[in-house]
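First the structure, in the form of structure tokens, and then the observations on it.
The values are calculated or read from the model by the stated rules, or taken from the named source; none is laboratory data. Treat the numbers as computed from the prediction; the structure is a model and nothing was measured. Please note: Cβ atoms are built from the backbone with ideal geometry, for glycine as well, and neighbour counts cover all protein chains shown. Keep in mind that these areas ignore ligands, DNA and RNA; they rest on the heavy atoms of the full protein, side chains included. Shrake-Rupley method; radii C 1.70, N 1.55, O 1.52, S 1.80 Å.
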Amino acid sequence: MPSTPGYEGRINFAFADELPPWMVAQIAKTEAEQAENMARRRARRDVPEHRKPPAGEERVLGRLDELAFPPGPQCGVEFALRDVRVCDSGLAFTLTARGDGAAQGMLGDRWNLSHRIKNRSVGRVYLGVILPDGTVVSNKRSHLHDAPEDEDRTTAWLYGGSSRSSSTETSASYFLSPSLPVSSVVKVTIAYPEAGLDIPLSVDVDYSMIVL
């Protein structure tokens, strides 16, 4: 009954046939807004500067040459984070795999460390960054259309940059934004079952050990 305490704001109903016109209109509006948002994101050709690694060294607060992942299964390569930089707008790093060069061809043809699907590679590495609050940011959503809205400066996102390859080494760069407190510790985890790395490997990035 309308006079029942707590009635306002609650609508209880059941439909045997068609939805009422007002609900059909609301659903259509929501779907149109979602489609417009997705179309806008897919048309995006770039992201704001605060979502990309800064070019100037003056914005780098601290740097670490390399953080090695613990030894993994017998997959023939060693993994590390190289050129780890804590910047005033986020965390930049390069995920690297090194091989012994015994196999023929580019290492990147077998190990795809980028966020993109490549024709010559089977799948791609899974890269997850676990933030201090438990949020997980993954390279599975590193495409430009996955980026938060341009004015959003709080949602965590992983920008996928360039990748490189030789017969003995392959790498891909990433940038995590926005910035985190200097006391932060984030866990970077990788897995790649299609290439033999089916047991995840993790390494902690302790900001306080980088920013002195």
The one condition Val24 fails out of (1) surrounded by fewer than 17 Cβ atoms within 10 Å (Cβ to Cβ); (2) at pLDDT 90 or above is (2)
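Return the residues of the stretch 172-199 that are over 16 Å from the mean Cα position of the chain (by Cα) and in a strand (DSSP E or B); say none if nothing qualifies. Steps first, please.
We begin by selecting, within the stretch 172-199, every residue over 16 Å from the mean Cα position of the chain (by Cα); these are 181-185, 193-199.
Those that are over 16 Å from the mean Cα position of the chain (by Cα) and in a strand (DSSP E or B): Val185, Leu197, Asp198, Ile199.
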I'd like to check something: does the stretch 162-170 contain any residue that is under 11 Å from the mean Cα position of the chain (by Cα), at pLDDT below 95 and among the basic types (Lys, Arg)? no
Complete set of residues in the stretch 136-154 that are open to solvent by 20 Å² or more (accessible area, probe 1.4 Å), in a loop (DSSP other than H, G, I, E, B) and within 19 Å of His115 (Cα to Cα): His143
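Suppose the filter is open to solvent by less than 10 Å² (accessible area, probe 1.4 Å), polar (S, T, N, Q) and modelled with pLDDT of 95 or more; does Ser177 pass it?
When the stated conditions are applied, Ser177 passes them.
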Of (1) in a loop (DSSP other than H, G, I, E, B); (2) loosely packed, with under 13 Cβ neighbours inside 10 Å, Val122 satisfies all except one. Which? (2)
Here are Val77, Val84: which of them is free of Cβ contacts under 8 Å to residues at least 60 places away in the same chain and closer than 20 Å to Val188 by Cα? Val77
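Here's the yes/no breakdown for (1) closer than 15 Å to Arg85 by Cβ; (2) among the hydroxyl-bearing types (Ser, Thr, Tyr); (3) without any contact (Cβ under 8 Å) to a residue 24 or more places away in the chain:
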{"residue": "Leu176", "(1), (2), (3)": "yes, no, no"}
{"residue": "Pro181", "(1), (2), (3)": "no, no, no"}
{"residue": "Ser184", "(1), (2), (3)": "yes, yes, no"}
{"residue": "Thr189", "(1), (2), (3)": "no, yes, no"}
{"residue": "Glu194", "(1), (2), (3)": "no, no, no"}
{"residue": "Asp198", "(1), (2), (3)": "no, no, no"}
{"residue": "Val203", "(1), (2), (3)": "no, no, no"}
{"residue": "Tyr207", "(1), (2), (3)": "yes, yes, no"}
{"residue": "Val211", "(1), (2), (3)": "yes, no, no"}
Could you identify the single residue in Ile199, Ile190, Ile130 that is open to solvent by 50 Å² or more (accessible area, probe 1.4 Å), modelled with pLDDT of 95 or more and under 23 Å from Pro73 (Cβ atoms)? Ile130
For the stretch 117-130, check the following and say yes or no: at least one residue is on the phi < 0 side of the Ramachandran plot and in contact with a His (Cβ under 6 Å, 6 or more places away or on another chain). no
